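Visitor: Got a structure for you, questions after.
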Amino acid sequence: MSASTSSRPALSVRPSYAAVLRVPHARRTFTAALTARLSYGTVSLAVMLSVTRATGSYAVSGAVMSLFGATTVFLMPLRASVVDRYGPRRALLPMAALYGTLLCALAALTWRPGAPVAAIGTAAALAGACAPPVGPTMRAVWSELIADRRLLQRAYSLDGVAEELLFVSGPVLVGVLVGVAPPAFGIVLSALLIVSGTAAFVTSPVMTGPRPRPRREKRGGFRGLPAPVAGAAGVGLALGGIDLLVMAFAAESQDTALVPWILGALSAGSALGGLVGGAIDWRRPARTRLAAFAAGLGLVIAAAGLAPGLWTLTVAMACAGAFIAPTLTTAYLLADETAPEDSRTQAGAWVNAAVNAGDSAGALATGLLIGGLPLGVCFALAGGTALVAAAAAAASGRGRLSA
């Protein structure tokens, strides 16, 4: 996965999002990657609905989703290291084929009620273990395609906003699909998306094979990762329980009909914040920006618990959302800056795993606390996790000389 240095564009015009898509082969490669990544926007809801229908148990469905999520998230850095070592063409396509096959097996098991629970759980866990890290690989490809850091910032911001839109539109697509077909068909759709998208992605002209691995960088090459991983984990922890907190707030106000709009404001704020943040030529280093964005997110979420009503909460969620995409974009940029060239996919995967693991832990903690503590305190604790992450990200860069 190495583009020649001469093919990477030097900046001759003001960087813009349009300039990102004018980079040679960028549009084709990015479109293919988004097609594959849409699978991750559809698969969770499809699996949950299919397993619930097949077993008649929400408890079993939750356990299967936990197995699927755990193997997907915690093994992602390992799978990314395989991509770094062997290149996307040799690593991603077999992963996608195996992942798609296992998803089809899971769909077959859950097509009708009465499926054996052990078989369903095993298929889900194995499928998650094979999920190809298309997102981290695409971000590594952006670094290969674009030499200028300002234009790369636009590329990462565009990538992040597009990914968020996929996770919003994916469940909608599944919702439409289950209106005319069994939920298991949504799992089949997820398999088709990942296999076809990955096949198109790895056949892009920019995929030329693995990078040569320098002998002197075999160990100690990830010393810069604590800051972006801490920032990403803080975002995940802070946001993991937001759905529950908003629902509880709306229930107290006796108007749960506004919940989708409040959560929509959070997503809209994130998209807008990502596009605006990506268009600014920041003078502060990425580590400083990461800590500031994470702190801003934490403060707004903590203050949201003091909202006098649902419309105020909606505005607060939109403001909180404005910090989400810039925080994650900066975390990915910082991981890319500090990682060795032959380990960029793995570095991005660690950030990705951190935000997803944080999200799961945040949801679990919020579910345990929300009935025993005042709602305002729960909001403050959620925001506090982002503040702690901001402090950790800032502290991780002190006392260390630049290499």
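What follows draws every value from the coordinates through simple rules; no lab data is involved. Bear in mind the structure is a predicted one, so any value in this text is a computation, not a measurement. Cβ coordinates were reconstructed from backbone atoms using ideal geometry, including for glycine residues, and neighbour counts include every protein chain displayed.
Visitor: Could you tell me whether the chain comes out rounded, prolate or oblate from its Cα gyration tensor? Rule is a ≥ b ≥ c as square roots of the eigenvalues, rounded for a/c under 1.5, then prolate if a/b exceeds b/c, otherwise oblate.
Guide: oblate
Visitor: Among the helices of the chain (complete DSSP H runs), which have Cα atoms covering no less than 18 Å along the helix axis and a Kyte-Doolittle mean of at least 0.0?
Guide: Membrane-span-like by this criterion, though nothing is claimed about a membrane: 26-55, 58-74, 88-109, 117-130, 149-177, 184-202, 226-240, 259-279, 286-304, 310-338, 344-369, 375-395.
Visitor: Now a separate question. Answer with one residue from G367, G240, G296: the one whose Cα lies farthest towards the positive end of the charge dipole of region 224-395, charges on Cβ with Lys, Arg +1 and Asp, Glu -1.
Guide: G296
Visitor: What do you get when you divide the Cα radius of gyration of region 23-202 by 2.2 N^0.38 Å, with N the number of residues?
Guide: 1.05
Visitor: Could you tell me how far the Cα centroid of region 130-200 sits from the Cα centroid of region 242-262, in Å?
Guide: 29
Visitor: Also, quick follow-up: Can you bin region 316-359 into rounded, prolate or oblate? Criterion: square roots of the alpha carbon gyration tensor eigenvalues sorted a ≥ b ≥ c, rounded for a/c under 1.5, prolate for a/b above b/c, oblate for the rest.
Guide: Oblate shape, in that a/c is at least 1.5 and b/c is the bigger or equal ratio.
Visitor: I would also like to ask the following. Under the rule of -39500 (n - 2.57) per DSSP H run of 4 or more residues, summed and divided by the residues of the chain, what mean residue ellipticity at 222 nm is obtained, to the nearest 500 deg cm²/dmol?
Guide: After summing the helix terms and dividing by the residues of the chain, the value is -25500 deg cm²/dmol.
Visitor: Would you mind working out the magnitude of the charge dipole of the chain relative to its Cα centre, with +1 at each Lys and Arg C-beta and -1 at each Asp and Glu C-beta, to the nearest 20 Debye?
Guide: 1540
Visitor: Just tell me the longest site-free run in the chain, where the sites are trypsin sites (Lys or Arg not before Pro) in a DSSP loop having at most 15 other beta-carbon atoms within 10 Å.
Guide: Longest gap between qualifying sites, sites excluded: 1-217.
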